[in-house]
1. Could we say that M58 is surrounded by 17 or more Cβ atoms within 10 Å (Cβ to Cβ) and farther than 21 Å from L142 by Cβ here?
2. L142 is checked against (1) touching a residue at least 12 places away in the same chain (Cβ under 8 Å); (2) open to solvent by 20 Å² or more (accessible area, probe 1.4 Å); (3) within 15 Å of ligand 1 (Cβ to nearest atom); (4) outside any loop (DSSP other than H, G, I, E, B) and fails just one. What number does that condition carry?
3. Tally time: how many residues in segment 4-40 are in a helix (DSSP H, G or I), open to solvent by 20 Å² or more (accessible area, probe 1.4 Å) and over 17 Å from A109 (Cβ atoms)?
4. Of the residues in segment 109-133, how many are over 22 Å from E177 (Cα atoms), part of a loop (DSSP other than H, G, I, E, B) and touching a residue at least 40 places away in the same chain (Cβ under 8 Å)?
Amino acid sequence: MYAVIEGIDTAGKSTQLELLKKKFPKATFTKEPGGTTLGIKLRTMALSGEAKSKIAEMFLFLADRAEHIEEVIKNSENKMIISDRSMISGIAYASQLDIDKLINLNLIATNNTLPSHVILLKLSPEELKFRLSQKENDSIELRGIDYLINIQNRMEETIKKLNINYIFIDASLKIEEIEQKIEDFINAK
Ligand SMILES: Nc1ncnc2c1ncn2[C@@H]1O[C@H](COP(=O)(O)OP(=O)(O)O)[C@@H](O)[C@H]1O
Ligand SMILES: Cc1cn([C@H]2C[C@H](O)[C@@H](COP(=O)(O)OP(=O)(O)O)O2)c(=O)[nH]c1=O
C-alpha cells in the first residue's frame, strides 16, 4: 500500500500523520519534499524562494520526487507506506502549467508509480485564513488565500483525472473524526 496525505498548507496533514504513526507503528512514514538525503538538499533549495523561474522550482520538486520514488517507495513496495504529499502536490502547486502536461512529467519522475490510496484534507477559505494567521509562513504560504484555494482545486481535479482510489475529507471536522475516516479508508481495501 502506498497511501498519501494531501492538502494545502495548514490542512492538518502533520496532525493526522502523528496519529497514524501511533496507529500503524510498522508502516514506513515518509514525505515529499525531503524524504531522502538528496531530497533534504533539494527541499531547502525549493522552499528558499531563491528560484526566479517557477519552472526551475518545479524541477527541483520533480528531482526530489524521482529520488524519493527510487530510494523509498520502490524499496518498501510490500510494506504499508504513508507519505506526507506526493505527485498530486507536484501537479497542483506548479499552477502556471497545464495539468495534463504535468501528469506526463510527473509520471516520468515516478516511473509510472501512482499512490494506491489518496487522502485529501479540504479547507474552506475562511478556515484557511484563520489557520494561516496563526503561524509564521514560508515563501509558498505567503502567496495567500486565493493562491492556495486554487491549488486545492487543482489537487481535486488531478486526483479525479488520475482515477485513483481517494477520499476527500472536510479538514475542519474534529481531529478525531478525521482520524477515524482515514483509518476506515485505509483499512477498507
Ligand atoms: N481538525 C482540525 N481542527 C482544527 N485545527 C486543526 C485541525 N487539524 C489541525 N489543526 C491545526 O491547524 C494547524 C495546521 O495543522 P498541520 O497539521 O500542521 O497542517 P499541515 O501539516 O497540513 O500544514 C495546526 O495549528 C493544527 O493544530
Ligand atoms: C511536494 C511539493 C510541495 N510543494 C510545496 C507545498 C508546501 O508549501 C511546501 C513544503 O511542503 P511541506 O513540507 O508540507 O511544508 P511544511 O513545512 O509547511 O509542512 O512545498 C510544491 O510547491 N511542489 C511540490 O511538488
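The values are calculated or read from the model by the stated rules, or taken from the named source; none is laboratory data. Fair warning: this is a prediction, and the values are worked out from it, not measured in the lab. All Cβ positions, glycine included, derive from the backbone under ideal geometry; neighbour counts span all protein chains shown. The protein model used for the area step is the full one, side chains on, heavy atoms only, and it has no ligands, DNA or RNA in it. Shrake-Rupley method; radii C 1.70, N 1.55, O 1.52, S 1.80 Å.
1. Against the criterion (surrounded by 17 or more Cβ atoms within 10 Å (Cβ to Cβ) and farther than 21 Å from L142 by Cβ), M58 does not qualify.
2. (1)
3. 9
4. Looking only at that region, the number is 6.
This table checks each residue for (1) open to solvent by 70 Å² or more (accessible area, probe 1.4 Å); (2) without any contact (Cβ under 8 Å) to a residue 40 or more places away in the chain; (3) within 16 Å of K23 (Cβ to Cβ).
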| residue | (1), (2), (3) |
| --- | --- |
| L148 | no, no, no |
| Q152 | no, no, no |
| M155 | no, no, no |
| T158 | no, no, no |
| F168 | no, no, no |
| A171 | no, no, no |
| E177 | yes, yes, yes |
| I182 | no, no, yes |
| I186 | no, no, yes |
